Amino acid sequence: MSNAIYKSKLIDSRNEDLFQTVDSQFNISFEPSNNREHSVYTIGNRMTFYIPAGEFCIDSFTHELLHGYIDACGVNLTGSLRNSVSGSISLVKLFDTELAEHIANCIAHTLMLPIFLNRGFDRSKFLFDYNYYKAESGIGEKIKRHFKIAPTVYNILAVRTFIGKYFAFKCDPNPAFDYSVQIRELQQIDQALYNILENYISKWANYDFSDDEYSEFRLNHLDFADEMEIWMSDKSFA
C-alpha cells in the first residue's frame, strides 16, 4: 500500500501539523505491522510507522506520531537516560536496556497525553493496553520479600521491579485504575528510593519538549543519575 493511501486514512486536521513537522525532519514510510499494535521505529533520518492490516485507527496512529514528534523536536529520552547512567558501572547494571526504555516511554506518555487529549482524540485509544491493570495481585509484598538479601545487599531484579512498577503506576493514563495501595507499599519498602523517583517525575510536569532550547531533558536525566548513584553508593547488588 502506498504512503499516500496511509496518509489519507491516518491524517486529518487534528494531527496534520504534527505530521508535517515530523515529515520535515525524517524520511517517513509506512509498513504493515506483524501484530495488532501500532508502532514507530526510528533510525538515523528514517522513521517507519507500522500499522495493523486493515486497522486505520487515527487515534492509535497519532500516539505513535507523537513519539515521532518528540524525536523531531530533538528530544531523545531513551538515549539521554542511557547516556546519563553510562559513567557508572552500578547504574549501567541497574538500568538495563529494558528498564531504561520503559522509563523513557512512560515519561514520553506523560508528555504526549495532554496534546493527544487537547486535539480531541479518544483517551481509551491512547495505549493498546489501556484497559490492563498494571498491578498484579501481591506485587508489593513480592517486591518487599525480595528487595533486600542482607542489610546492605539488595536484589537488583527487585530494585528494577520497584522502579519499573513505580513508573507503570504513576504514568497509567486510565483514571479508572487506583494504585494508591501499591504506591504506599513502595514508599514503605524504601522511602529514599521512592523520593528520588518522585523528584525525577516531578521535573517533567511543566516540561515543554517543543521548546527546549537548553536541553533541559538532559539535565533532568543527569540529576536523576546523580541521585540514584548516591542512593546506591552504600549498597551492593546481587
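Based on the Cα coordinates of segment 147-237, what is the per residue volume of their convex hull in Å³?
Per residue, the Cα convex hull of segment 147-237 comes to 102 Å³.
Taking Rh as the Kirkwood radius computed over C-alpha pairs, what is the Stokes-Einstein D of the chain at 25 °C in a medium of viscosity 0.890 mPa s, expressed in µm² per second?
For these conditions, the coefficient is 127 µm²/s.
Within a 10 angstrom radius of the beta carbon, how do Lys148, Lys235 rank from fewest other beta carbons to most? Walk me through the numbers on the way to the answer.
Values: Lys148 16, Lys235 13.
Ascending Cβ contact count within 10 Å gives the list Lys235, Lys148.
Could you give me the ³J(HN,Hα) list for segment 101-112, computed from phi with Karplus coefficients 6.51, -1.76, 1.60 and θ = phi - 60°, whole Hz, x at Gly and Pro?
Once rounded to whole Hz, the list reads 5, 5, 4, 4, 5, 5, 5, 4, 5, 5, 6, 7.
What net charge is computed for the residues neighbouring Ala238, neighbours being all others with C-beta under 11 Å from the C-beta of Ala238, Lys and Arg scored +1, Asp and Glu -1? The partial results should precede the final answer.
On the way: positive: Lys93, Lys148, Lys235; negative: none.
For residues surrounding Ala238, the net value is +3.
Restricting attention to segment 169-238, which chymotrypsin sites (Phe, Trp or Tyr not before Pro) occupy a DSSP loop and are surrounded by at most 10 other Cβ atoms within 10 Å?
Working: sites: Phe169, Phe177, Tyr179, Tyr194, Tyr200, Trp204, Tyr207, Phe209, Tyr214, Phe217, Phe224, Trp231, Phe237; in loops: Phe177, Tyr179, Trp204, Tyr207, Tyr214.
Loop-located and lightly packed - Tyr214.
Would you mind working out the magnitude of the charge dipole of segment 192-238 relative to its Cα centre, with +1 at each Lys and Arg C-beta and -1 at each Asp and Glu C-beta, to the nearest 20 Debye?
Value, rounded to 20: 260 debye.
Run lengths n ≥ 4 of DSSP H only: what is the helix-derived mean residue ellipticity at 222 nm for the chain, with -39500 (n - 2.57) per run over all residues, to the nearest 500?
Here the helix-only value at 222 nm equals -17500 deg cm²/dmol.
Once Rh for segment 3-72 is found with the Kirkwood sum over Cα pairs, what is the Stokes-Einstein diffusion coefficient at 20 °C and 1.002 mPa s, in µm²/s?
181
Through the Karplus equation 6.51 cos²θ - 1.76 cosθ + 1.60, θ set to phi - 60°, convert the phi angles of segment 13-30 into ³J(HN,Hα) values in whole Hz; use x for Gly and Pro.
Rounded to whole hertz, the list is 5, 6, 10, 4, 5, 5, 4, 4, 5, 5, 5, 6, 9, 9, 7, 9, 9, 10.
Mind checking segment 1-36 for trypsin sites (Lys or Arg not before Pro) that DSSP puts in a loop (not H, G, I, E or B) and that have at most 12 other Cβ atoms within 10 Å? Numbers along the way, then the final one.
Values: sites: Lys7, Lys9, Arg14, Arg36; in loops: Arg14, Arg36.
Answer by residue number: Arg36.
How big is D, in µm² s⁻¹, for segment 164-209 by Stokes-Einstein at 4 °C and 1.567 mPa s if Rh is the Kirkwood radius over C-alpha pairs?
Estimated via Stokes-Einstein, D reaches 112 µm²/s.
Amide H to amide H, which residues 5 or more places from Ile51 or on other chains are under 5 Å from it, using H placed in the peptide plane?
Those lying under 5 Å, H to H, from Ile51 are Glu31, Ser33.
Any chance you could check the Cα centroid distance between segment 1-53 and segment 59-124 for me, in angstrom?
If we compute the Cα centre of each part, the gap is 18 Å.
Which one, Glu55, Glu213, Glu98, has the greatest fluctuation when you compute a Gaussian network model over the chain with C-alpha springs under 10 angstrom?
Of the options given, Glu213 has the highest mean-square fluctuation.
Restricting to DSSP loop positions (anything but H, G, I, E, B) with no more than 12 other Cβ atoms inside 10 Å of their own Cβ, which GluC sites (Glu not before Pro) remain in segment 129-193? Before the final figure, lay out each step's value.
On the way: sites: Glu136, Glu141, Glu185; in loops: Glu136.
Of the GluC sites (Glu not before Pro), the ones in loops of segment 129-193 whose Cβ has at most 12 other Cβ atoms within 10 Å are Glu136.
In whole Hz and in residue order, list the ³J(HN,Hα) couplings for segment 156-165 that follow from phi through the Karplus curve 6.51 cos²θ - 1.76 cosθ + 1.60, θ = phi - 60°; x for Gly and Pro.
My calculation for segment 156-165 gives 5, 5, 5, 5, 4, 5, 3, 5, x, 5 Hz in order.
Of the cross-linked pairs Lys93/Lys144; Lys9/Lys134; Lys125/Lys170, which ones have a Cα-Cα span greater than 25 Å in the structure shown? The partial results should precede the final answer.
On the way: Lys93/Lys144 21 Å; Lys9/Lys134 32 Å; Lys125/Lys170 18 Å.
In this structure, Lys9/Lys134 lie more than 25 Å apart at Cα.
Since every read-out is calculated from the coordinates, none of them should be taken as a lab result. Here the structure is a predicted model, which is why all the values come from computation and not from measurement. Cβ: placed from backbone, ideal geometry, glycine included. Neighbour counts: every protein chain shown.
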